[in-house]
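Here the structure is laid out as structure tokens; the discussion comes afterwards.
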Amino acid sequence: MNVVIVGHVDHGKSTVVGRLLADTDALPQGKLDAVRKECERTGKPFEYAFLLDALEDEQDQGITIDTARCFFKSSKRDYIIIDAPGHIEFLKNMISGAARAEAAVLVIDAKEGVRENSRRHGYILSMLGIRQVVVCVNKMDLVGYDQKHFETIEKEYRGFLESIGAVSPRQFIPISAIEGENLARHDAKKTPWYKGPTLLDVLDTLPKAPPKIDQPLRMPVQAVYKFTKQGDDRRIVAGRIEAGRVKVGDKIVFSPSNKVTTIRSIEGFNTAPRTEIEAGWSTGFTLSEEIYITRGEVMSHVAKSPLVGTRLRVNMIWLSKKPFVSGRDYKLKLGTSAMPVRIHKIQKVIDASEAGSTLEKDHVGRHDVADLVLETRQPIAFDLTADCEATGRFVIVDEYDVAGGGIITGVVTDDLGDLRAEARTRDFNWVPGGVTAENRATRYGHRSALVMFVGKAGVGKHQLARAVEKALFDAGRAAYMLDGKNVLLGVDHDLWVDAAQSELVRRFGEVVHLLLNAGLIVVSTTNAIGLADASAVQSLIPDAPLILVEVGEGSGQACDLLVGEHEPEAEVVAKIAALLDKRQITDRLN
Amino acid sequence: MDHLDQLEQQSVYIFREAFRHFERLCMLWSIGKDSTVMLWLARKAFFGHVPFPLVHVDTSYKLPEMIAYRDKLAFEYKLQMVVGQNKQALDEGDTFPIKLSKNPGMSKEEQAINRTKCCGRLKADALGATLHGTGVRMRMNLVTGKYEIDPDKEPYTGVIVGARADEEGSRSKERYFSPRDKHDNWDVGDQPPEFWNQFKTDFAPGTHVRIHPLLDWTELNIWEYIKRESIPTVSLYYDQGEGTRYRSLGCGPCQAPIKSTSKNVDDIIAELKSGALRNVAERSGRLQDGKHGLEELRRKGYM
Ligand SMILES: Nc1nc2c(ncn2[C@@H]2O[C@H](COP(=O)(O)OP(=O)(O)O)[C@@H](O)[C@H]2O)c(=O)[nH]1
């Protein structure tokens, strides 16, 4: 069991660990004596913490700077103790240690009482999802093992945890790490009033977190492998099942692309063949249809699929020296997906060092804890952390480093939520023909895609679209030019002239969807539907690549290709062909 | 799912993340038990394949059995086997064994210093040069089984290493994904945070990342896994009837066997469980480690 020890600096974490190691006989023979002798020789008072100091830097600075791991055994089980630094400068190290722990021991100095990092660490443990916390009120020897003193601290800290909505600790224990009281043994002379278990007893009774087998299936796709060069033709969708279970033959869906198929086989190396697999396994599947999916999608059953959206309400902590600011793109990593993200709205920045107080800020600074809404550039599949931890938490990368991380507490609807829901219901219930998308791709030599020309009226979109269609067709592609005018003439015939733009876009998107389903490369041009509508169209074709081409001076909004009004046709055609290759539509690697 | 399964599954996850994020990925293979378990885990992760090169630094002082075992496995598993060596140091005779033979009266302290220096040149320097592509890389031709000069001189940006946290102090501070700067230095005091399973996979040009799939494994876990999976290992780990065996493999002149009569994997597991080796550091037979020797070598990039 992995246990992390946290708490304010100098409250005695290292001493607790050192003492636990000594009292459970986990030290190499003679080590304790050697350290004691060394202390005598140098005239330093002996510290249990010295036992843990393996590194030069650390001994020089005299503080734990990084998480160190030590191993010990009780009569019941093996432990890995992660000693996390309490100094604020090293908060990111504390988080690294705590993020892989199953339980935490939080140490509070009886004499100093609850301090800034006692609170901050409590907050972080709760955010990291560590549900089993034991609080040790240490250095009880310095307050004469006074019961009242202990109870005051317990009351204050419990109050704090309640105020931030954290899980209440399993146990508060009055200890003295120096004298060994209530760590591995209880001395009735010292704390006769304490009837609870010792630290070791509590650790031994902490249940292992049950595997998340009974939750809905979630497997973020890590990669799609095909080792053709090595003579292996299997196309394997690999990933770790984070929750739930799945069997051969199960109908499954990938989000956010909404692709539906069934599991053909479960793959592995040097393992017995299996027909069923569950949470915890890093595995791989072949599918009954060779659908095109990519890393970052989440595999689930159709009935209990994850949320898909762009606006996430989150709780997070920021660790980088450079603040987290609005109006700039960062990289979001969630499950196995990664994509641009920015701050949509800062709800509040919480002063984690003070119980419950909030700060008025337009950015999130180093060591701040914040409640905010993030917006991803594209729809992403996720869960609320309460429903599934692995797909309900994320980190933010700034340049090359992880700068912050947090959990998803809610979802905020955006303008396209309805269209996305429409597409999901449609795709989950789609009645497929006998010819699969992969069959068509093999026949036509490419996947389907939408090349969408937008721009002001009269800039030559139609002419370019025709040229692209013709060039693709001549190159043997199944291409089709869709002029929006034709949709208006027929599909939209029943709409009034002043019909809502959103309905025009919806119908256009659904028509495109049908054509894409037929395996075509659709080259569209229309005055009715502009750049601003592109993401609405994309919401209706979540699994198809969209290449957005703006013709004219450029509106400043993002697109894949900006074409000048008088650019030679042949050049535009060549650029689009290159984009189709690059996106692996015409030049498919697997 | 038992504990070994959990360790295995996490390692597999790490391998796949590494393969995804580092186009220039390689794995160090020291032929020892840990990196051989890693090799096995790589095959687990990639369904029987090892889709990146394995790098071995040959000091020329390895026991012949290790080299034979390396080449046999590489050929059998069709591995992309790359070998590096500090030819210059060997040609100049700048190694501990040669210096000792020239000066047999060398004091213990001097010996220790020269051992560390030798490691620095034959291992750390050679490894650096091989990883950066500045030194000659030899690659096994999988048809003939012979080594040829590797035309590939591109530096590796992701390096998979078999460090375990329980080995000795400094390793307990490692992350799964641990950045090294332009000079291969490890800044122990300022490492990026590692939230859950979100690793450091973005890196500045010129820097690289060390990846540690075995971080959470203990020596006992390694042996239990070797047994469970029937992974082939070098015979040097087992007592051949003389009452000694190697616990950790290095170079011939700088390693001493331990007293042990373990003749096979089961014996070793029983020996480790009995606690008989508890008070002997795993690398105690590795004579170059010294007080801060290993820590220093690590900073310089050795493992
Ligand atoms: N009197 C007393 N001092 C303690 C106790 N536990 C730790 N200390 C002292 O508090 C100081 C800080 O302890 P340390 O373990 O280094 O704190 P850390 O920063 O939380 O790891 C050291 O001088 C310890 O000797 C205790 O139970 N009683």
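The values are calculated or read from the model by the stated rules, or taken from the named source; none is laboratory data. Quick caveat, the model's predicted, so the values are computed rather than measured. Here the Cβ positions follow ideal geometry from the backbone for every residue, glycine too, while neighbour counts run over all protein chains shown.
Listed values, structure above:
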{"quantity": "Residue, surrounded by the most Cβ atoms within 10 Å (Cβ to Cβ), within segment A:19-48, restricted to residues that are in contact (Cβ under 8 Å) with a residue 60 or more places away in the chain and within 12 Å of the ligand (Cβ to nearest atom)", "calculated": "A:Leu20"}
{"quantity": "Given (1) assigned to a loop (DSSP other than H, G, I, E, B); (2) under 39 Å from the mean Cα position of the chain (by Cα), index of the condition A:His493 fails", "calculated": "(2)"}
{"quantity": "Scope segment A:548-574; condition of a type in the set (D, E, K, R), within 24 Å of A:Arg377 (Cα to Cα) and surrounded by fewer than 19 Cβ atoms within 10 Å (Cβ to Cβ); matching residues", "calculated": "A:Glu553, A:Asp560"}
{"quantity": "Within segment B:121-194, strands (runs of 3 or more DSSP E) holding 2 or more residues that are of a type in the set (Val, Ile, Thr) and at pLDDT 85 or above", "calculated": "B:158-160"}
{"quantity": "Single residue of segment A:92-135 satisfying the filter (within 14 Å of the ligand (Cβ to nearest atom) and within 11 Å of another protein chain (Cβ to nearest Cβ)) that is surrounded by the most Cβ atoms within 10 Å (Cβ to Cβ)", "calculated": "A:Met94"}
{"quantity": "Subset of segment B:55-73 that is under 15 Å from B:Ile231 (Cβ atoms) and touching a residue at least 12 places away in the same chain (Cβ under 8 Å) - its residue that is nearest to the other protein chains (Cβ to nearest Cβ)", "calculated": "B:Leu73"}
{"quantity": "Answer from A:Phe285, A:Phe269 - the residue that is part of a loop (DSSP other than H, G, I, E, B), within 14 Å of another protein chain (Cβ to nearest Cβ) and aromatic (Phe, Trp, Tyr)", "calculated": "A:Phe269"}
{"quantity": "Residues of segment B:205-220 classified as part of a strand (DSSP E or B) and touching a residue at least 60 places away in the same chain (Cβ under 8 Å), total", "calculated": "3"}
{"quantity": "Qualifying positions in segment B:1-36 - within 14 Å of chain A (Cβ to nearest Cβ) and among the aliphatic types (A, V, I, L, M)", "calculated": "B:Met1, B:Leu4, B:Leu7, B:Val12, B:Ile14, B:Ala18, B:Leu25"}
{"quantity": "Residues of segment A:113-156 that turn out to be under 19 Å from A:Arg100 (Cβ atoms) and of a type in the set (Asp, Glu), as a count", "calculated": "0"}
{"quantity": "Selection from segment A:425-444 of residues that are surrounded by 14 or more Cβ atoms within 10 Å (Cβ to Cβ), touching a residue at least 12 places away in the same chain (Cβ under 8 Å) and not hydrophobic (A, V, I, L, M, F, W, C)", "calculated": "A:Asp427, A:Thr436, A:Glu438, A:Arg440, A:Tyr444"}
{"quantity": "Test for A:Ala544: is it surrounded by fewer than 20 Cβ atoms within 10 Å (Cβ to Cβ) and either over 18 Å from A:Lys470 (Cα atoms) or among the small types (Gly, Ala, Ser) (or both)", "calculated": "no"}
{"quantity": "Test set (1) free of Cβ contacts under 8 Å to residues at least 12 places away in the same chain; (2) surrounded by 12 or more Cβ atoms within 10 Å (Cβ to Cβ); (3) aromatic (Phe, Trp, Tyr) - A:Tyr480 fails condition number", "calculated": "(1)"}
{"quantity": "Every pair of residues 6+ apart whose Cβ atoms lie under 6 Å, when the first sits in segment B:2-27 and is β-branched (Val, Ile, Thr) while the second is in a helix (DSSP H, G or I)", "calculated": "B:Val12/B:Lys44; B:Val12/B:Ala45"}
{"quantity": "Within segment B:1-98, strands (runs of 3 or more DSSP E) holding 3 or more residues that are more than 30 Å from A:Ile266 (Cβ to Cβ)", "calculated": "B:54-57, B:81-84"}
{"quantity": "Which listed residue, of B:Ser235, B:Ser230, is more than 30 Å from A:Val402 (Cα to Cα) and more than 11 Å from chain A (Cβ to nearest Cβ)", "calculated": "B:Ser235"}
{"quantity": "Total residues in segment B:189-204, condition over 13 Å from B:Gly158 (Cα atoms) and without any contact (Cβ under 8 Å) to a residue 40 or more places away in the chain", "calculated": "9"}
{"quantity": "Close pairs (6 angstrom Cβ cut-off, 6 or more residues apart or separate chains): in contact (Cβ under 8 Å) with a residue 60 or more places away in the chain in segment A:307-318, among the hydroxyl-bearing types (Ser, Thr, Tyr) anywhere", "calculated": "A:Val308/A:Ser255; A:Thr310/A:Thr376; A:Arg313/A:Thr409; A:Asn315/A:Thr409"}
{"quantity": "Residue list for segment A:331-346, filter: crowded, with 18+ Cβ neighbours inside 10 Å, outside any loop (DSSP other than H, G, I, E, B) and within 13 Å of chain B (Cβ to nearest Cβ)", "calculated": "A:Leu332, A:Lys333, A:Leu334, A:Ser337, A:Ala338"}
{"quantity": "Selected residue (only one of A:Arg377, A:Arg440, A:Arg424 is closer than 15 Å to A:Val308 by Cα and either in a helix (DSSP H, G or I) or aromatic (Phe, Trp, Tyr) (or both))", "calculated": "A:Arg424"}
{"quantity": "Given (1) of a type in the set (A, V, I, L, M); (2) within 14 Å of chain B (Cβ to nearest Cβ); (3) closer than 14 Å to A:Val308 by Cβ, number of the condition A:Val411 does not satisfy", "calculated": "(2)"}
{"quantity": "Counted residues, segment A:383-408 - those being in contact with a strand residue (DSSP E or B) (Cβ under 6 Å, 6 or more places away or on another chain), assigned to a loop (DSSP other than H, G, I, E, B) and within 9 Å of chain B (Cβ to nearest Cβ)", "calculated": "0"}
{"quantity": "Residue list for segment A:175-212, restricted to those being hydrophobic (A, V, I, L, M, F, W, C) and away from the ligand (no atom under 16 Å from the Cβ)", "calculated": "A:Ala188, A:Trp193, A:Val202, A:Leu203, A:Leu206, A:Ala209"}
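Residues are listed down the side, and each one gets a yes or a no for (1) out of contact with any Lys or Arg (no Cβ under 6 Å at 6 or more places or on another chain); (2) surrounded by fewer than 17 Cβ atoms within 10 Å (Cβ to Cβ):
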| residue | (1), (2) |
| --- | --- |
| B:Ser60 | yes, yes |
| B:Glu92 | yes, yes |
| B:Ser101 | yes, yes |
| B:Ala124 | no, no |
| B:Leu127 | yes, no |
| B:Gly133 | no, yes |
| B:Thr157 | no, no |
